[in-house]
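Enquirer: This structure is in C-alpha cells; I'll ask about it shortly.
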Amino acid sequence: MKSEECLLCHDAACSKACGKLDPARILRSLYFDNEPGAVRQLDEPLACLQCDGRCQSSCPVEVPVRNIVMSLKDRPVDPVPDYDCLRTDFCGFPLINPFLLSSSVVASTYEMCARAFEAGWAGAAFKTVCLMDIREASPRFSAIRGDNGRIIGFKNIEQLSDHTLEENLEIFRRLKKDYPDRLLLVSFMGRNDEEWAFLAEKLSEAGADALEMNFSCPNMTEENTGSDVGQIPQLVERYTRIVREHTKLPIIAKLTPNITDITESAEAAVRGGADGLAAINTIKSLIEVDIDPSDGIFRASIGGYSGKAVKPIALRFIAQLSQDEKLKGQHITAMGGIETWRDALEFIALGADSVQVTTAVMQYGYRIIDDLIDGMAGYMQRHGFKSLSEIADTATPGIVSTEELDRSYVIYPRFLRERCVGCQRCYLSCLDGGHQAISIKEGKPVLDPEKCVGCHLCVLVCPQSAIVSSEVRVAKKK
C-alpha cells in the first residue's frame, strides 16, 4: 500500500469527491497502523467498483486512493472493539483511556484543551505555569526529515506558558467546570523554595487534579531551572518535598533524559513525596549547523529533540524506571516519539500507566486520537485482553543486560526471491559493513552460511522487505 504518500489533508478533497465513503479517514487509519479500523470504515466496498475514481483524480499529489481502498475489500472485518477496555486511572483519577496531551504548546489554552477533550483525549498536562517573564524566539522549531519527507526528528527551543498566572488559573477553573471527567494535570516550575510552594497552593485551589513538577525543560533562559534542576537529585528531592507540604494533590515529577542515570532523580522525587514519574522530556540537541562561510554569522541554539527519533531512548528510560524496585507502585506517565497505538502499547508493556503525546499532535492534529483508541482497543480485543492492567509491565522481564544474551546460536536471514528486484543493496552492505557473507548469482543475492554471523544487517537495509529473519536457531560451531 502507498498510504504513506498521503498528505493527511484537513478537509481532504478525496473525501469530498467521493460522497459515499471517507477515503481520507481510511488512509489515515492505514498511516497510523490501524488497518482493522480502516477495513471497518469500508461499509460500502462496492461503491469503489461503481465509481470513476474521482477521489483519486482529486488528490493534489496523485495518491492512488481508490486502489488503496479497494485493496481492503477482501480483508476480514473485525467487530467494533469495546473501548471500555481502555479505562484506567491516573493516581486515582479515572481516565476513559490512557492518552494524554503532554505539557507543551498543544495544551496551552482553554480552547485547545477543550477541542482535544471533545476529540477524545482523556486529559492534558497543561503547558508549564511559572512566575517568569517568558519571551520566545522566532522561529523556534526545526526538524530532520526521513527519505519520504516526513519529520522523524523535531527540535524546539520553546519554554513555558506565556500567560499570566491569573490567566492560567481562570483557564483551569473553566476546564474543570466544563470537563470534570477529563484529567487536568498542571505542569509548573519555580525558581526557588518560595515559588514552588506558592504555585503548588495556587494551582491546587484552581481545580487541578494533579501537579506535574517540571524538572526537565532543556530550553530555559534562566539558570537553575528546568533540566538544570533535574540533573541534581538533591534539588529534585528538596523541591518535591516542599511541594508535598503545600498540596494534597498527586505529584508527578517530570524527569530529564539529559542525565546518565534517570533512576537517581526518580528515587529522589519519591523520597520527597512524589506519587508518580513522567519521562521523558526532550533531549538536548543541535540541528542545522551552518557550513556556508559566505553569508555571515548563523545563529543556532541547543534545544530539545523529540519525535519518532527519540522513541528508542524514551523506551530505555521507561524500562529502567520500571525495573527499579525502589520505584514500584509509582504511576509512570510516558512520552517520547509516540505516534501510533503500537508505540503507546510498547510503553505500557514496559510499565507505563499512561502515555502523553506532543510532537505527533503538532504534525497531525488532535484527530490522531481516533486511531490511538481504535487501534489499541482492537489489539486488546484480538488478543483477549480485558484491561490495560493485563498488559502492563509484561515486557519488562524480557529486558536483560547484554551479558545475559544467549550467544550460542545464529539466526540466518531468509531471502524471499519473489520480492527481490536485484538492487544488491544487501550485498554492498554485507561487503563493506558486515562479514562478506553474500554473493550475487544471476543478479540475485546468495547467502554463504559459513561466513554469515546472523547480524541481520541485510534484513534492515533491504528496501523491498525481501529479506526476513528465518527464526531458526543454528548452533554455533565449536
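Enquirer: Looking at (1) modelled with pLDDT of 85 or more; (2) in contact with a Ser or Thr (Cβ under 9 Å, 6 or more places away or on another chain); (3) aliphatic (A, V, I, L, M), find the lone condition where M1 falls short.
Expert: (1)
Enquirer: Follow-up question, since we're still on this one. Considering only segment 246-284, state which residues are closer than 21 Å to F90 by Cβ, hydroxyl-bearing (S, T, Y) and modelled with pLDDT under 95.
Expert: If the condition is that a residue be closer than 21 Å to F90 by Cβ, hydroxyl-bearing (S, T, Y) and modelled with pLDDT under 95, then no residue fits.
Enquirer: Helices (runs of 4 or more DSSP H) wholly in segment 355-450 with at least 1 residues that are surrounded by 13 or more Cβ atoms within 10 Å (Cβ to Cβ) and not assigned by TED's automatic domain parsing to the domain that holds G304 - which ones?
Expert: Values: elements: 359-364, 369-383, 425-433.
Those helices (runs of 4 or more DSSP H) span 425-433.
Enquirer: Another question, if that's okay. Check A116, A125, A143 and return the single one that is buried (at least 24 other Cβ atoms within 10 Å of the Cβ), within 19 Å of the chain's Cα centre (by Cα) and assigned to a strand (DSSP E or B). So that I can check it myself, show each step before the final result.
Expert: Numbers: A116 fails: assigned to a strand (DSSP E or B); A143 fails: buried (at least 24 other Cβ atoms within 10 Å of the Cβ).
Testing whether each residue is buried (at least 24 other Cβ atoms within 10 Å of the Cβ), within 19 Å of the chain's Cα centre (by Cα) and assigned to a strand (DSSP E or B) leaves just A125.
Enquirer: Just name the residue that is surrounded by the most Cβ atoms within 10 Å (Cβ to Cβ) out of those in segment 303-339 that are at positive phi and under 18 Å from the mean Cα position of the chain (by Cα).
Expert: Here is the first cut: in segment 303-339, the residues at positive phi are 307, 329, 336-337.
Now drop any that are not under 18 Å from the mean Cα position of the chain (by Cα), which leaves 307, 336-337.
On the way: G307: 24, G336: 31, G337: 24.
Residue satisfying both the conditions and the ranking: G336.
Enquirer: Of all residues in segment 252-269, how many are under 21 Å from E325 (Cβ atoms), surrounded by fewer than 22 Cβ atoms within 10 Å (Cβ to Cβ) and either in contact with a strand residue (DSSP E or B) (Cβ under 8 Å, 6 or more places away or on another chain) or of a type in the set (V, I, T) (or both)?
Expert: In the first step, residues of segment 252-269 are kept if they are under 21 Å from E325 (Cβ atoms); the result is 252-253, 255, 259-269.
The next check asks that each one be surrounded by fewer than 22 Cβ atoms within 10 Å (Cβ to Cβ); those that pass are 259-261, 263-264, 267.
Narrowing further to those that are either in contact with a strand residue (DSSP E or B) (Cβ under 8 Å, 6 or more places away or on another chain) or of a type in the set (V, I, T) (or both): 259-260, 263.
Qualifying residue count for the region: 3.
Enquirer: Also: Looking at segment 248-262, can you tell me whether even one residue there is in the same structural domain as L350 (by TED's automatic domain parsing) and assigned to a helix (DSSP H, G or I)? I'd like the intermediate steps shown before the answer.
Expert: As a first pass, look at segment 248-262 and keep what is in the same structural domain as L350 (by TED's automatic domain parsing): 248-262.
Adding the requirement that they be assigned to a helix (DSSP H, G or I) leaves 262.
Looking through segment 248-262, at least one residue is in the same structural domain as L350 (by TED's automatic domain parsing) and assigned to a helix (DSSP H, G or I).
Enquirer: Which residue pairs have Cβ atoms closer than 7 Å, lie 6 or more positions apart in sequence or on different chains, and pair a first residue in segment 437-462 that is touching a residue at least 24 places away in the same chain (Cβ under 8 Å) with a second residue that is among the charged types (D, E, K, R)?
Expert: K444/R417; V461/R425; C462/R425
Enquirer: Do we have P180 as in a loop (DSSP other than H, G, I, E, B), out of contact with any Lys or Arg (no Cβ under 7 Å at 6 or more places or on another chain) and under 22 Å from K248 (Cβ atoms) here? Don't jump to the end; show me each part of the working.
Expert: Numbers: in a loop (DSSP other than H, G, I, E, B): yes; out of contact with any Lys or Arg (no Cβ under 7 Å at 6 or more places or on another chain): yes; under 22 Å from K248 (Cβ atoms): yes.
Judged against the criteria, P180 is a match.
Enquirer: Restricting the search to segment 216-247, which residues are part of a loop (DSSP other than H, G, I, E, B) and closer than 22 Å to L185 by Cβ?
Expert: Quick first cut of segment 216-247, residues part of a loop (DSSP other than H, G, I, E, B) only: 216-226, 231-232, 245-247.
Across segment 216-247, the qualifying residues are S216, C217, P218, N219, M220, T225, G226, E245, H246, T247.
Enquirer: What number of residues within segment 40-60 are touching a Cys at 6+ places or on another chain (Cβ under 9 Å), among the hydrophobic types (A, V, I, L, M, F, W, C) and at pLDDT below 90?
Expert: Result for segment 40-60: 5.
Enquirer: Next question. Just wondering, is there one or more residues in segment 278-286 that are in the same structural domain as E158 (by TED's automatic domain parsing), surrounded by fewer than 20 Cβ atoms within 10 Å (Cβ to Cβ), more than 23 Å from V105 (Cα to Cα) and not aromatic (F, W, Y)?
Expert: No, that holds for no residue.
Enquirer: Next up: Starting from residues that are touching a residue at least 24 places away in the same chain (Cβ under 8 Å) and of a type in the set (V, I, T), keep the ones in segment 153-193 and report whichever is surrounded by the most Cβ atoms within 10 Å (Cβ to Cβ).
Expert: Ranking the qualifying residues of segment 153-193, first place goes to V186.
Enquirer: I need every pair where a residue in segment 100-119 that is closer than 22 Å to L345 by Cβ has its Cβ under 9 Å from the Cβ of a residue that is of a type in the set (F, W, Y) and surrounded by fewer than 24 Cβ atoms within 10 Å (Cβ to Cβ), sequence separation at least 6 or different chains.
Expert: Pairs found: L100/F90; L101/Y366; V106/Y366; A116/Y366; A119/Y366.
Enquirer: Looking at segment 200-216, which of its residues are over 16 Å from C91 (Cβ atoms), out of contact with any helix residue (DSSP H, G or I) (no Cβ under 7 Å at 6 or more places or on another chain) and surrounded by 24 or more Cβ atoms within 10 Å (Cβ to Cβ)?
Expert: Answer for segment 200-216, where residues must be over 16 Å from C91 (Cβ atoms), out of contact with any helix residue (DSSP H, G or I) (no Cβ under 7 Å at 6 or more places or on another chain) and surrounded by 24 or more Cβ atoms within 10 Å (Cβ to Cβ): just N214.
The values are calculated or read from the model by the stated rules, or taken from the named source; none is laboratory data. Note that the structure is predicted; figures quoted are calculated from it, not measured. As a convention, Cβ positions derive from the backbone with ideal geometry for all residues, glycine included, and neighbour counts pool all protein chains shown.
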